[in-house]
1. How long are the three semi-axes of the equivalent ellipsoid for segment 7-313, computed from the Cα gyration tensor as the root of 5 times each eigenvalue, in whole Å, largest first?
2. Quick query: amide H of Arg206 versus all other amide H atoms, modeled in the peptide plane; which residues come in under 5 Å with a sequence gap of 5 or more or a different chain?
3. Using θ = phi - 60° and the Karplus curve 6.51 cos²θ - 1.76 cosθ + 1.60, what whole-Hz ³J(HN,Hα) does each residue of segment 289-294 get, with Gly and Pro shown as x?
4. Figure the gain on full extension for Ile290 and Val352 (residue separation times 0.36 nm, minus the Cα-Cα span) and round it to one decimal in nm.
5. Once label points are set 7 Å from the Cα along Cα→Cβ at both Arg110 and Ala186, what is their separation, rounded to one decimal in nm?
6. Over segment 7-313, what is the relative contact order in percent, taking alpha-carbon pairs closer than 8 angstrom and at least six residues apart?
7. Arg334 label point, 7 Å along Cα→Cβ, cut-off 14 Å on backbone N: hits in segment 159-180?
8. Using the Karplus curve 6.51 cos²θ - 1.76 cosθ + 1.60 with θ = phi - 60°, work out ³J(HN,Hα) for each residue of segment 10-25 in order, rounded to whole Hz, and write x for Gly and Pro.
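A short reminder: the numbers here are calculations on the coordinates, not readings from a lab. Just so it is clear, the structure is predicted and the values come from calculations on it, not from any experiment. Cβ coordinates were reconstructed from backbone atoms using ideal geometry, including for glycine residues, and neighbour counts include every protein chain displayed.
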Amino acid sequence: MSNELTREQHIELYYYMQLNRRLEERLGRLFRQNKIVGGVYSSLGQEAISVGTAYALEPRDWLAPMIRNIGALLVKGFRPRDIFTQHMARATSPTHGKDGTSHFGDLKVRHVVSPISMLGDLIPVMTGVAMAGRYLGHNIVAMTWIGDGGSSTGAFHEGLNLAATQRAPLVLVLENNQWAYSTPVARQVPLRDLADRARAYGISSRIVDGNDVLSVHQCAKQAVAECRAGRGPVLIEVKTMRMQGHAQHDPAGYVPKEMFAFWKERDPLVRFETYLTEHHLWDPAKKEEIDARIESELDADQKFAEDSPMPSPETAEQGVYCEGCHAVEAEWHRPKQEVMPPAASAEAVWKVKDFGALRGEKPPAAPPAAKEPAPKPAAPQAKPEISEAPPLRVPFGRGPKDRAFRESHEEKHPRHKSKKRRR
Ligand SMILES: Cc1ncc(C[n+]2csc(CCOP(=O)(O)OP(=O)(O)O)c2C)c(N)n1
Ligand SMILES: [Mg+2]
């Protein structure tokens, strides 16, 4: 039994993985019945990743899922009916029938950012969420996922560099499922381990067996703790296999049969079931009880979706532009002194280590008094140095456009003072 998890938590991990799998099986059947409006992108064989990583987050944390992360949405509190209605584009869906796949989120309660793209653009977005959380004092961690194919896009590299430079509390889960549509990893990246990409950005990385939910969860939990402690982003590469085609329309004839057979033997659900049995964490009656509960939940939610109406035509023009429905107001969770000078002030001069000179070269303008240890000779094949973390600081005070700022500021400072500053 994993030291960090209780028996109930082990059972809960199984519940979400099995719910994820059974739900997607039904989506596959509904697709063949022509009841799905968008696409169905199976995460068969990858359930341990979505569930194990999202399970490491706290309710205050934020995530943005990819197409194969329905399991993460379930862990964050979305219900199967949200997934059914969304894929069937019913009026009762989270987007009121305006989208046919997984482009939905919940910024207020579940802290889920709606996916805008599966190919890297969520990385800079979630870096921004992580930075905003730090600025507002929420002490949150942001998590998102990327595929092996998506890790070759410009957005991936730009986003990861931004996260690294800002030491943003971002956990990026790189799902290496061996294929980007029909392209195997080796034909698009000359690396065996995609985690190596982290070295180029001076951030820490891990490699984990994506078909072992406990390893995935433990690894994600550590990464989340590191991020929360202010040590910057973490890249986790999970090794797994996409066990179906890119989407329902793709029979994946380009995948060698032996490869499917190899990974089928490592099925994450079968492995975890065996683990639960061998560690006496459940018995057959318990498994039957959970499976029956899942089937009845899915029966009810599928029926709800099938009985739901399609959206009425006039809803197409509703909710396109904000007509006062959103009050965009920052939620400050930190003492005001922290975001006001002098605490919020930073020196307007940056110290550049060794003035950026070649390794081993004496800094040209080093002050004579500074007795530095002799520099080490350059090691041509040395690992890239992990850059020193800049101290966490608040770069700006509260903005003058922020109402809370304005009100409290005007209370404390007579008007003529602020007028003087504006000049
Ligand atoms: C610009 C662009 N090209 C193509 C697509 C279609 N598309 C979405 S995901 C994907 C493959 C991504 O592969 P990978 O990143 O390995 O993720 P996986 O599907 O294996 O989970 C493709 C081709 C797209 N959404 N946008
Ligand atoms: Mg892939």
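1. Values: eigenvalues 157, 103, 89 Å².
So the three semi-axes of segment 7-313 are 28, 23, 21 Å.
2. Leu235, Ile236, Glu237
3. 5, 5, 4, 5, 4, 4
4. Values: separation 62, 0.36 × 62 = 22.32 nm, distance 5.85 nm.
The Ile290-Val352 span can extend by a further 16.5 nm.
5. 3.9 nm
6. Numbers: 587 pairs, mean separation 72.2, N = 307.
Once normalised by length, the contact order is 24 percent.
7. 167-169
8. In residue order, the calculated couplings are 4, 5, 5, 4, 4, 3, 5, 5, 5, 4, 4, 5, 5, 4, 5, 4 Hz.
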